[in-house]
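Working notes, beginning with the structure itself.
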């Protein structure tokens, strides 16, 4: 594994565990036993590292979205999809937990964060639309958009709440509980077959 990959891997774990603001480039170089010049060869600053990690998350979300289109062929397939989504967001939890404040002042972070949130919003709307196509939900377009937004807000809040109590990756039981929280938002719109 090259230094760039080592920097990203360590930074992701450290940002998730300690918080973005608590991890400096000096911490990263010290822990990896590399020179600051070696880090700066790959990344100009900590924001650049965060941006690269957000791009990784974005690519993973794109893959999950494609998977969703191919694999969610019934309402029962929605549960594993939500589980995969929450697991992925937990893997990059510092993004949604820590970056709203710094993003306001740093365009290097603000743009990818805005893009990531838009991607999550579209993914939520598409997932609800798919469930409606399968006959499991009864929603008007406006309701679907509002519900997708509520699901996004609950997802972010849920992730923030639980990552405070669990600095390491969330246990599977906690992820399952998160899926139940999201399904509770959808439940009032279920059809009889749903």
Kindly indicate whether residue 59 is part of a helix (DSSP H, G or I), modelled with pLDDT of 90 or more and surrounded by 18 or more Cβ atoms within 10 Å (Cβ to Cβ).
no
Cβ pairs under 6 Å, 6+ apart, first in the range 23-39 and over 13 Å from residue 11 (Cβ atoms), second surrounded by 11 or more Cβ atoms within 10 Å (Cβ to Cβ):
36/29; 38/3
Identify, from the list 187, 143, the residue that is over 20 Å from residue 57 (Cβ atoms), touching a residue at least 12 places away in the same chain (Cβ under 8 Å) and not in a loop (DSSP other than H, G, I, E, B).
143
Where residue 4 falls short, out of the listed (1) at pLDDT 95 or above; (2) outside any helix (DSSP H, G or I)
(2)
Among the residues of the range 147-176, write down those that are touching a helix residue (DSSP H, G or I) at 6+ places or on another chain (Cβ under 9 Å), over 20 Å from residue 120 (Cα atoms) and modelled with pLDDT of 90 or more.
172, 174
Residues in the range 8-37 that are over 16 Å from residue 91 (Cα atoms) and surrounded by 14 or more Cβ atoms within 10 Å (Cβ to Cβ) total 8
For the range 70-127, enumerate the residues that are more than 19 Å from residue 15 (Cβ to Cβ), modelled with pLDDT of 90 or more and not in a helix (DSSP H, G or I).
none
Please enumerate the residues belonging to the range 165-184 that are without any contact (Cβ under 8 Å) to a residue 40 or more places away in the chain and assigned to a helix (DSSP H, G or I).
165, 172, 173, 174, 177, 180, 181, 184
Only one of these is under 20 Å from residue 155 (Cα atoms) and touching a helix residue (DSSP H, G or I) at 6+ places or on another chain (Cβ under 9 Å): 35, 84, 11. Name it.
84
Just checking, does the range 39-48 include any residue being surrounded by fewer than 16 Cβ atoms within 10 Å (Cβ to Cβ), modelled with pLDDT under 95 and not in a helix (DSSP H, G or I)?
yes
Answer yes or no: is there a residue in the range 131-139 that is in contact with a helix residue (DSSP H, G or I) (Cβ under 7 Å, 6 or more places away or on another chain), assigned to a loop (DSSP other than H, G, I, E, B) and under 30 Å from residue 50 (Cβ atoms).
no
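The values are calculated or read from the model by the stated rules, or taken from the named source; none is laboratory data. Keep in mind the model is a prediction, meaning the values are calculated, not measured. Note that each Cβ is placed from the backbone with ideal geometry, even for glycine, and that neighbours are counted across all protein chains shown.
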